[in-house]
Amino acid sequence: MKKKLLAALLSTAMVAALLSGCGSSSSSSTTETETEEAEEATEETEEAEATEEEAEEATETVDYSGITLEIVSKGLQHQYWQAVLQGVESKCEELGVTYNFVGPDSESDIQVQVTELQAALDANPSAIGLAALDTEAVSDLLEQAAEAGIPVIGFDSGVPDAPEGSVYATCATDNYAAGELAAEKVYEAIEDRIANADGSVRIGVVAQDATSESVINRGLGFIDKMGELVEASGKTVGMASNSNEKYISDSALEADDSADVIIEVLVPASVTSELSATDATTLMNKEDTIAIYGSNEHSANAMITANENLGVLGTGDDQIIAAGFDSGSSIKAAVADGTFLGAITQAPVAMGETLVELMVAAAMGEEVEDVDTGCQWYTADNMEDEEIAQNLYD
(Lines give C-alpha, C1' and ligand atoms only; values in the text may rest on other atoms or scores of the structure.)
Protein backbone atom coordinates (compact mmCIF):
# COMPACT_ATOMS: atom_id res chain seq x y z
CA MET A 1 0.00 0.00 0.00
CA LYS A 2 2.84 2.35 0.93
CA LYS A 3 4.58 1.51 -2.36
CA LYS A 4 1.44 2.35 -4.34
CA LEU A 5 1.01 5.62 -2.45
CA LEU A 6 4.68 6.53 -3.03
CA ALA A 7 4.36 5.76 -6.74
CA ALA A 8 1.28 7.93 -6.98
CA LEU A 9 3.00 10.81 -5.25
CA LEU A 10 6.01 10.52 -7.55
CA SER A 11 3.79 10.50 -10.63
CA THR A 12 1.98 13.60 -9.40
CA ALA A 13 5.26 15.39 -8.75
CA MET A 14 6.56 14.56 -12.27
CA VAL A 15 3.40 15.82 -13.92
CA ALA A 16 3.61 19.03 -11.89
CA ALA A 17 7.23 19.48 -12.89
CA LEU A 18 6.40 18.93 -16.54
CA LEU A 19 3.52 21.40 -16.39
CA SER A 20 5.72 23.93 -14.65
CA GLY A 21 8.39 23.54 -17.36
CA CYS A 22 5.86 23.99 -20.17
CA GLY A 23 4.51 27.12 -18.58
CA SER A 24 8.00 28.63 -18.30
CA SER A 25 8.81 27.95 -21.99
CA SER A 26 5.59 29.55 -23.20
CA SER A 27 6.24 32.69 -21.17
CA SER A 28 9.80 33.03 -22.53
CA SER A 29 8.65 32.62 -26.14
CA THR A 30 5.97 35.26 -25.72
CA THR A 31 8.46 37.74 -24.27
CA GLU A 32 10.91 37.27 -27.18
CA THR A 33 8.15 37.75 -29.74
CA GLU A 34 6.95 40.92 -28.07
CA THR A 35 10.51 42.27 -28.00
CA GLU A 36 11.02 41.57 -31.71
CA GLU A 37 7.73 43.22 -32.57
CA ALA A 38 8.66 46.25 -30.52
CA GLU A 39 12.03 46.52 -32.25
CA GLU A 40 10.41 46.23 -35.69
CA ALA A 41 7.87 48.90 -34.76
CA THR A 42 10.68 51.19 -33.62
CA GLU A 43 12.59 50.67 -36.88
CA GLU A 44 9.47 51.38 -38.93
CA THR A 45 8.87 54.57 -36.97
CA GLU A 46 12.47 55.69 -37.49
CA GLU A 47 12.24 54.94 -41.23
CA ALA A 48 8.97 56.87 -41.50
CA GLU A 49 10.51 59.83 -39.69
CA ALA A 50 13.58 59.75 -41.98
CA THR A 51 11.36 59.62 -45.07
CA GLU A 52 9.34 62.55 -43.77
CA GLU A 53 12.51 64.56 -43.14
CA GLU A 54 13.78 63.80 -46.68
CA ALA A 55 10.44 64.90 -48.12
CA GLU A 56 10.58 68.13 -46.14
CA GLU A 57 14.14 68.79 -47.34
CA ALA A 58 13.13 68.09 -50.95
CA THR A 59 10.28 70.59 -50.76
CA GLU A 60 12.38 73.33 -49.19
CA THR A 61 12.74 76.30 -51.55
CA VAL A 62 16.24 77.74 -51.85
CA ASP A 63 16.33 81.52 -52.04
CA TYR A 64 18.41 82.55 -55.08
CA SER A 65 17.17 86.14 -55.12
CA GLY A 66 20.60 87.51 -54.20
CA ILE A 67 22.30 85.88 -57.20
CA THR A 68 23.11 88.09 -60.20
CA LEU A 69 24.23 86.71 -63.55
CA GLU A 70 26.06 88.50 -66.37
CA ILE A 71 25.84 86.70 -69.72
CA VAL A 72 27.93 87.77 -72.71
CA SER A 73 26.88 86.07 -75.96
CA LYS A 74 28.21 86.38 -79.49
CA GLY A 75 25.36 88.67 -80.40
CA LEU A 76 21.62 89.03 -80.70
CA GLN A 77 21.39 89.36 -84.48
CA HIS A 78 20.63 85.68 -85.17
CA GLN A 79 17.46 83.91 -84.11
CA TYR A 80 19.62 81.24 -82.52
CA TRP A 81 20.78 83.68 -79.83
CA GLN A 82 17.22 84.85 -79.30
CA ALA A 83 16.30 81.23 -78.55
CA VAL A 84 19.19 80.93 -76.07
CA LEU A 85 17.95 84.13 -74.43
CA GLN A 86 14.47 82.63 -74.21
CA GLY A 87 15.87 79.70 -72.23
CA VAL A 88 17.83 82.06 -69.97
CA GLU A 89 14.75 84.18 -69.26
CA SER A 90 12.62 81.13 -68.47
CA LYS A 91 15.09 79.55 -66.04
CA CYS A 92 15.96 82.84 -64.32
CA GLU A 93 12.27 83.54 -63.75
CA GLU A 94 11.81 80.04 -62.35
CA LEU A 95 14.74 80.39 -59.92
CA GLY A 96 14.17 84.04 -59.11
CA VAL A 97 17.66 85.22 -60.10
CA THR A 98 18.65 88.49 -61.76
CA TYR A 99 20.41 88.44 -65.14
CA ASN A 100 21.81 90.70 -67.84
CA PHE A 101 22.20 89.28 -71.36
CA VAL A 102 24.30 91.17 -73.94
CA GLY A 103 26.19 90.63 -77.19
CA PRO A 104 27.76 92.64 -80.03
CA ASP A 105 25.82 93.64 -83.14
CA SER A 106 28.07 91.48 -85.30
CA GLU A 107 30.08 88.36 -84.57
CA SER A 108 33.10 90.08 -86.07
CA ASP A 109 32.95 92.79 -83.37
CA ILE A 110 35.49 91.14 -81.08
CA GLN A 111 36.47 94.37 -79.33
CA VAL A 112 32.84 95.16 -78.58
CA GLN A 113 32.52 91.81 -76.82
CA VAL A 114 35.70 92.53 -74.84
CA THR A 115 34.14 95.80 -73.66
CA GLU A 116 30.95 93.98 -72.70
CA LEU A 117 32.91 91.39 -70.71
CA GLN A 118 34.77 94.18 -68.90
CA ALA A 119 31.43 95.73 -67.96
CA ALA A 120 30.23 92.34 -66.73
CA LEU A 121 33.29 92.04 -64.49
CA ASP A 122 32.81 95.59 -63.18
CA ALA A 123 29.28 94.63 -62.11
CA ASN A 124 30.81 92.04 -59.73
CA PRO A 125 28.16 89.40 -60.45
CA SER A 126 27.71 86.01 -58.80
CA ALA A 127 28.76 84.34 -62.07
CA ILE A 128 29.48 85.14 -65.71
CA GLY A 129 28.36 83.24 -68.81
CA LEU A 130 30.52 83.64 -71.92
CA ALA A 131 30.46 82.50 -75.54
CA ALA A 132 33.80 83.92 -76.67
CA LEU A 133 34.34 85.25 -80.16
CA ASP A 134 38.11 85.13 -79.59
CA THR A 135 39.68 83.51 -76.52
CA GLU A 136 42.93 85.40 -76.80
CA ALA A 137 41.10 88.73 -76.76
CA VAL A 138 39.38 87.94 -73.44
CA SER A 139 42.21 86.02 -71.77
CA ASP A 140 43.30 88.86 -69.46
CA LEU A 141 39.73 89.50 -68.34
CA LEU A 142 39.23 85.81 -67.57
CA GLU A 143 42.31 85.89 -65.36
CA GLN A 144 40.80 88.88 -63.56
CA ALA A 145 37.58 86.94 -63.03
CA ALA A 146 39.54 84.03 -61.54
CA GLU A 147 41.43 86.36 -59.21
CA ALA A 148 38.15 87.94 -58.10
CA GLY A 149 36.63 84.52 -57.47
CA ILE A 150 33.88 85.03 -60.04
CA PRO A 151 33.04 81.70 -61.71
CA VAL A 152 32.76 81.76 -65.52
CA ILE A 153 30.60 79.26 -67.40
CA GLY A 154 31.16 78.88 -71.14
CA PHE A 155 28.29 78.23 -73.53
CA ASP A 156 27.80 77.58 -77.24
CA SER A 157 31.44 77.62 -78.43
CA GLY A 158 32.56 78.20 -74.86
CA VAL A 159 36.04 79.57 -74.22
CA PRO A 160 38.57 77.10 -75.64
CA ASP A 161 42.10 77.27 -74.19
CA ALA A 162 40.99 79.69 -71.47
CA PRO A 163 43.41 80.49 -68.63
CA GLU A 164 43.52 77.56 -66.24
CA GLY A 165 40.88 77.66 -63.54
CA SER A 166 38.95 80.56 -65.02
CA VAL A 167 36.18 78.61 -66.78
CA TYR A 168 34.42 76.18 -64.46
CA ALA A 169 32.35 74.31 -67.06
CA THR A 170 30.81 74.64 -70.52
CA CYS A 171 27.37 73.78 -71.87
CA ALA A 172 27.42 73.35 -75.63
CA THR A 173 26.67 71.13 -78.55
CA ASP A 174 29.45 68.68 -79.36
CA ASN A 175 30.12 70.67 -82.51
CA TYR A 176 32.62 68.28 -84.03
CA ALA A 177 30.15 65.38 -83.69
CA ALA A 178 27.41 67.59 -85.16
CA GLY A 179 29.59 68.28 -88.19
CA GLU A 180 30.21 64.55 -88.55
CA LEU A 181 26.47 63.88 -88.52
CA ALA A 182 25.95 66.43 -91.31
CA ALA A 183 28.69 64.75 -93.38
CA GLU A 184 27.13 61.31 -92.94
CA LYS A 185 23.75 62.54 -94.16
CA VAL A 186 25.20 64.44 -97.12
CA TYR A 187 27.39 61.51 -98.11
CA GLU A 188 24.35 59.22 -98.24
CA ALA A 189 22.87 61.56 -100.86
CA ILE A 190 26.01 61.89 -103.01
CA GLU A 191 27.62 58.49 -102.61
CA ASP A 192 26.53 57.28 -106.06
CA ARG A 193 27.61 60.52 -107.73
CA ILE A 194 31.08 60.15 -106.26
CA ALA A 195 31.31 56.49 -107.26
CA ASN A 196 30.17 57.14 -110.85
CA ALA A 197 32.04 60.41 -111.48
CA ASP A 198 34.38 60.47 -114.50
CA GLY A 199 36.50 63.29 -113.07
CA SER A 200 36.88 65.07 -109.77
CA VAL A 201 33.91 66.39 -107.84
CA ARG A 202 33.82 69.22 -105.31
CA ILE A 203 32.15 69.68 -101.93
CA GLY A 204 31.94 73.27 -100.69
CA VAL A 205 31.95 74.46 -97.09
CA VAL A 206 30.77 77.98 -96.26
CA ALA A 207 32.26 78.95 -92.89
CA GLN A 208 31.43 82.18 -91.13
CA ASP A 209 34.91 82.51 -89.62
CA ALA A 210 38.11 80.75 -88.59
CA THR A 211 38.18 82.00 -84.99
CA SER A 212 35.01 80.70 -83.31
CA GLU A 213 35.55 77.27 -81.78
CA SER A 214 32.00 76.14 -82.53
CA VAL A 215 32.13 77.13 -86.21
CA ILE A 216 35.60 75.64 -86.68
CA ASN A 217 34.67 72.32 -85.07
CA ARG A 218 31.47 72.01 -87.11
CA GLY A 219 33.55 72.50 -90.22
CA LEU A 220 36.32 70.12 -89.16
CA GLY A 221 33.85 67.44 -88.10
CA PHE A 222 32.22 67.64 -91.52
CA ILE A 223 35.54 67.63 -93.42
CA ASP A 224 37.15 64.79 -91.48
CA LYS A 225 34.10 62.52 -91.58
CA MET A 226 33.52 63.19 -95.28
CA GLY A 227 37.17 62.36 -95.93
CA GLU A 228 36.85 59.13 -93.96
CA LEU A 229 33.73 58.06 -95.87
CA VAL A 230 35.19 58.90 -99.28
CA GLU A 231 38.44 57.07 -98.58
CA ALA A 232 36.50 54.02 -97.39
CA SER A 233 34.83 53.92 -100.82
CA GLY A 234 38.20 53.65 -102.54
CA LYS A 235 38.32 57.24 -103.83
CA THR A 236 40.94 59.86 -102.99
CA VAL A 237 40.02 63.06 -101.15
CA GLY A 238 41.87 66.28 -100.36
CA MET A 239 41.42 69.93 -99.44
CA ALA A 240 41.39 72.58 -102.16
CA SER A 241 44.66 74.50 -101.89
CA ASN A 242 42.80 77.82 -101.87
CA SER A 243 40.79 76.82 -98.77
CA ASN A 244 41.10 78.80 -95.57
CA GLU A 245 44.47 77.98 -94.00
CA LYS A 246 43.01 77.26 -90.54
CA TYR A 247 40.82 74.49 -91.92
CA ILE A 248 43.63 73.02 -93.99
CA SER A 249 46.06 72.93 -91.07
CA ASP A 250 43.59 71.56 -88.52
CA SER A 251 41.80 68.98 -90.66
CA ALA A 252 42.85 65.37 -91.11
CA LEU A 253 43.18 65.92 -94.87
CA GLU A 254 46.05 67.24 -96.96
CA ALA A 255 45.73 69.92 -99.63
CA ASP A 256 45.30 68.09 -102.94
CA ASP A 257 43.69 69.69 -105.99
CA SER A 258 44.04 66.47 -107.98
CA ALA A 259 42.00 64.22 -105.67
CA ASP A 260 38.81 62.46 -106.77
CA VAL A 261 36.88 64.51 -104.21
CA ILE A 262 37.97 68.05 -103.39
CA ILE A 263 36.68 69.83 -100.29
CA GLU A 264 36.88 73.62 -100.53
CA VAL A 265 36.36 75.87 -97.48
CA LEU A 266 35.77 79.59 -97.94
CA VAL A 267 35.76 82.14 -95.09
CA PRO A 268 34.90 85.82 -95.63
CA ALA A 269 37.32 88.61 -94.67
CA SER A 270 34.70 89.86 -92.21
CA VAL A 271 31.39 88.46 -91.01
CA THR A 272 28.80 90.07 -93.26
CA SER A 273 25.85 88.53 -95.06
CA GLU A 274 27.04 89.98 -98.38
CA LEU A 275 30.55 88.51 -98.20
CA SER A 276 29.34 85.09 -97.09
CA ALA A 277 26.73 85.06 -99.90
CA THR A 278 29.57 85.84 -102.32
CA ASP A 279 31.52 82.83 -101.01
CA ALA A 280 28.47 80.61 -101.41
CA THR A 281 27.94 81.90 -104.95
CA THR A 282 31.57 81.16 -105.84
CA LEU A 283 31.28 77.56 -104.67
CA MET A 284 27.87 76.95 -106.22
CA ASN A 285 29.02 78.34 -109.60
CA LYS A 286 31.75 75.73 -110.02
CA GLU A 287 30.76 73.03 -112.48
CA ASP A 288 32.15 70.17 -110.39
CA THR A 289 30.38 71.14 -107.14
CA ILE A 290 27.94 68.44 -106.07
CA ALA A 291 27.32 69.42 -102.44
CA ILE A 292 27.64 72.40 -100.11
CA TYR A 293 27.47 72.79 -96.34
CA GLY A 294 26.91 75.89 -94.19
CA SER A 295 28.22 75.45 -90.64
CA ASN A 296 25.90 77.89 -88.83
CA GLU A 297 22.75 79.95 -89.34
CA HIS A 298 24.67 82.84 -90.90
CA SER A 299 26.38 80.59 -93.48
CA ALA A 300 23.26 78.59 -94.27
CA ASN A 301 21.33 81.81 -94.89
CA ALA A 302 24.15 82.97 -97.19
CA MET A 303 23.63 79.80 -99.24
CA ILE A 304 19.91 80.52 -99.47
CA THR A 305 20.61 84.08 -100.64
CA ALA A 306 23.03 82.84 -103.30
CA ASN A 307 20.53 80.30 -104.53
CA GLU A 308 17.89 82.96 -105.08
CA ASN A 309 19.94 84.06 -108.11
CA LEU A 310 21.40 80.69 -109.16
CA GLY A 311 18.59 78.21 -108.47
CA VAL A 312 20.99 75.24 -108.30
CA LEU A 313 20.22 73.75 -104.88
CA GLY A 314 17.91 70.77 -104.49
CA THR A 315 17.75 67.01 -104.23
CA GLY A 316 17.57 66.22 -107.97
CA ASP A 317 20.36 64.31 -109.73
CA ASP A 318 21.54 67.45 -111.51
CA GLN A 319 21.28 69.74 -108.47
CA ILE A 320 23.70 70.62 -105.68
CA ILE A 321 22.91 68.87 -102.40
CA ALA A 322 22.86 71.41 -99.56
CA ALA A 323 22.95 71.01 -95.79
CA GLY A 324 22.67 73.75 -93.19
CA PHE A 325 23.15 74.21 -89.47
CA ASP A 326 20.69 75.65 -86.93
CA SER A 327 17.12 76.53 -87.87
CA GLY A 328 15.41 79.91 -88.15
CA SER A 329 12.53 80.63 -90.51
CA SER A 330 14.58 80.80 -93.73
CA ILE A 331 16.45 77.55 -93.12
CA LYS A 332 13.29 75.72 -92.07
CA ALA A 333 11.57 76.89 -95.24
CA ALA A 334 14.53 75.73 -97.35
CA VAL A 335 14.38 72.29 -95.73
CA ALA A 336 10.61 72.07 -96.06
CA ASP A 337 10.58 72.88 -99.80
CA GLY A 338 13.54 70.65 -100.68
CA THR A 339 16.07 73.42 -101.36
CA PHE A 340 18.12 71.89 -98.53
CA LEU A 341 18.49 68.16 -98.04
CA GLY A 342 18.33 68.87 -94.30
CA ALA A 343 20.03 70.69 -91.47
CA ILE A 344 21.46 70.17 -88.02
CA THR A 345 19.59 71.74 -85.13
CA GLN A 346 20.91 72.35 -81.68
CA ALA A 347 18.79 72.82 -78.55
CA PRO A 348 19.27 76.56 -77.93
CA VAL A 349 16.43 77.00 -75.44
CA ALA A 350 17.68 74.06 -73.38
CA MET A 351 21.20 75.48 -73.66
CA GLY A 352 20.04 78.77 -72.14
CA GLU A 353 18.31 76.93 -69.31
CA THR A 354 21.34 74.72 -68.64
CA LEU A 355 23.63 77.75 -68.69
CA VAL A 356 21.65 79.39 -65.90
CA GLU A 357 21.58 76.17 -63.85
CA LEU A 358 25.37 75.81 -64.11
CA MET A 359 25.97 79.47 -63.28
CA VAL A 360 23.74 79.33 -60.21
CA ALA A 361 25.34 76.08 -59.02
CA ALA A 362 28.84 77.54 -59.46
CA ALA A 363 27.78 80.71 -57.65
CA MET A 364 26.57 78.55 -54.75
CA GLY A 365 29.96 76.86 -54.53
CA GLU A 366 28.80 73.56 -56.00
CA GLU A 367 30.99 71.50 -58.35
CA VAL A 368 29.93 71.73 -62.00
CA GLU A 369 30.97 69.89 -65.14
CA ASP A 370 30.58 70.19 -68.91
CA VAL A 371 27.17 69.42 -70.41
CA ASP A 372 26.57 68.34 -74.02
CA THR A 373 23.24 69.88 -75.00
CA GLY A 374 22.95 67.68 -78.12
CA CYS A 375 21.95 68.03 -81.79
CA GLN A 376 19.58 66.45 -84.34
CA TRP A 377 19.33 66.11 -88.13
CA TYR A 378 16.02 67.33 -89.50
CA THR A 379 14.46 67.02 -92.95
CA ALA A 380 11.16 67.79 -94.61
CA ASP A 381 10.00 64.34 -93.50
CA ASN A 382 10.69 64.64 -89.77
CA MET A 383 10.71 68.34 -88.93
CA GLU A 384 7.13 68.18 -87.65
CA ASP A 385 7.93 65.34 -85.24
CA GLU A 386 7.57 66.47 -81.63
CA GLU A 387 11.14 65.53 -80.68
CA ILE A 388 12.53 67.62 -83.56
CA ALA A 389 10.01 70.46 -83.64
CA GLN A 390 10.71 71.51 -80.04
CA ASN A 391 14.27 72.43 -81.07
CA LEU A 392 13.38 74.37 -84.23
CA TYR A 393 13.23 78.04 -83.42
CA ASP A 394 12.03 80.89 -85.65
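Give the residues of segment 168-179 that are assigned to a helix (DSSP H, G or I) and either crowded, with 21+ Cβ neighbours inside 10 Å or touching a strand residue (DSSP E or B) at 6+ places or on another chain (Cβ under 7 Å) (or both), sorted by residue number.
Here is the first cut: in segment 168-179, the ones assigned to a helix (DSSP H, G or I) are 175-179.
Listed by number, the residues that qualify are ASN175, ALA178, GLY179.
Given the residues VAL152, VAL112, which is the only one that is buried (at least 23 other Cβ atoms within 10 Å of the Cβ), closer than 17 Å to SER73 by Cα and at pLDDT 95 or above?
VAL152
I'm told PRO160 meets every condition in (1) outside any strand (DSSP E or B); (2) at pLDDT 95 or above; (3) open to solvent by 30 Å² or more (accessible area, probe 1.4 Å) except one. Can you identify the failing condition by its number?
Checking PRO160 against (1) outside any strand (DSSP E or B); (2) at pLDDT 95 or above; (3) open to solvent by 30 Å² or more (accessible area, probe 1.4 Å), the one that fails is (2).
Would you mind telling me which numbered condition in (1) open to solvent by 40 Å² or more (accessible area, probe 1.4 Å); (2) over 26 Å from LEU95 (Cβ atoms) ILE304 fails?
With respect to (1) open to solvent by 40 Å² or more (accessible area, probe 1.4 Å); (2) over 26 Å from LEU95 (Cβ atoms), ILE304 is out only on (1).
Among the residues of segment 115-135 satisfying the criterion of being β-branched (Val, Ile, Thr) and at pLDDT 95 or above, which is nearest to SER214 (Cα to Cα)? Talk me through it step by step, then tell me what you get.
As a first pass, look at segment 115-135 and keep what is β-branched (Val, Ile, Thr): 115, 128, 135.
Still in the running and at pLDDT 95 or above: 115, 128.
Numbers: THR115: 22, ILE128: 19 Å.
Restricting to residues being β-branched (Val, Ile, Thr) and at pLDDT 95 or above, the top hit is ILE128.
Step by step: first the residues of segment 62-85, then only those that are outside any helix (DSSP H, G or I) and of a type in the set (S, T, N, Q), then the one that is least open to solvent (accessible area, probe 1.4 Å). Which residue is that?
Narrowing segment 62-85 to residues outside any helix (DSSP H, G or I): 62-78.
Adding the requirement that they be of a type in the set (S, T, N, Q) leaves 65, 68, 73, 77.
Details: SER65: 70, THR68: 52, SER73: 0, GLN77: 76 Å².
For segment 62-85, the residue satisfying everything is SER73.
Can you give me the number of residues within segment 86-119 that are among the charged types (D, E, K, R), free of Cβ contacts under 8 Å to residues at least 60 places away in the same chain and outside any loop (DSSP other than H, G, I, E, B)?
At the first step, the residues of segment 86-119 found to be among the charged types (D, E, K, R) are 89, 91, 93-94, 105, 107, 109, 116.
If we keep only those that are free of Cβ contacts under 8 Å to residues at least 60 places away in the same chain too, we end up with 93-94, 105, 109, 116.
Next, from what is left, pick out any that are outside any loop (DSSP other than H, G, I, E, B): 93-94, 116.
Here the count works out to 3.
Which number in (1) loosely packed, with under 15 Cβ neighbours inside 10 Å; (2) of a type in the set (S, T, N, Q); (3) in a strand (DSSP E or B) marks the one condition that ASN124 misses?
(3)
Being surrounded by fewer than 24 Cβ atoms within 10 Å (Cβ to Cβ) and farther than 21 Å from ASP317 by Cβ is true for just one of SER270, SER276. Which residue is that?
Details: SER276 fails: surrounded by fewer than 24 Cβ atoms within 10 Å (Cβ to Cβ).
From the options SER270, SER276, the qualifying one is SER270.
Consider only pairs whose beta carbons are under 7 Å apart and that are at least six residues apart or on different chains; among these, list those whose first residue lies in segment 229-244 and is closer than 21 Å to ASP192 by Cβ and among the aliphatic types (A, V, I, L, M) and whose second residue is assigned to a helix (DSSP H, G or I) and open to solvent by 50 Å² or more (accessible area, probe 1.4 Å).
VAL237/GLU231
Between residues in segment 375-390 that are more than 20 Å from VAL84 (Cβ to Cβ) and residues that are part of a loop (DSSP other than H, G, I, E, B), which pairs lie under 8 Å by C-beta distance while being six or more apart or on different chains?
Final answer for the pair search is THR379/LEU341; ALA380/ASP337; ALA380/GLY338; MET383/LEU392.
Which of the residues spanning segment 184-211 are farther than 30 Å from ASP134 by Cα, β-branched (Val, Ile, Thr) and in a strand (DSSP E or B)?
VAL201
Condition (residue is without any contact (Cβ under 8 Å) to a residue 12 or more places away in the chain and open to solvent by 30 Å² or more (accessible area, probe 1.4 Å)) applied to segment 340-359: is it met by at least one residue? First the steps, then the outcome.
Going through segment 340-359, the residues without any contact (Cβ under 8 Å) to a residue 12 or more places away in the chain turn out to be none.
No, the conditions are met nowhere in segment 340-359.
The values are calculated or read from the model by the stated rules, or taken from the named source; none is laboratory data. Just so you know, these numbers come straight off a predicted model, no measurement behind them. As a convention, Cβ positions derive from the backbone with ideal geometry for all residues, glycine included, and neighbour counts pool all protein chains shown. For the accessible areas, the whole protein counts, side chains as well, though only heavy atoms, and no ligand, DNA or RNA atoms are used. Shrake-Rupley method; radii C 1.70, N 1.55, O 1.52, S 1.80 Å.
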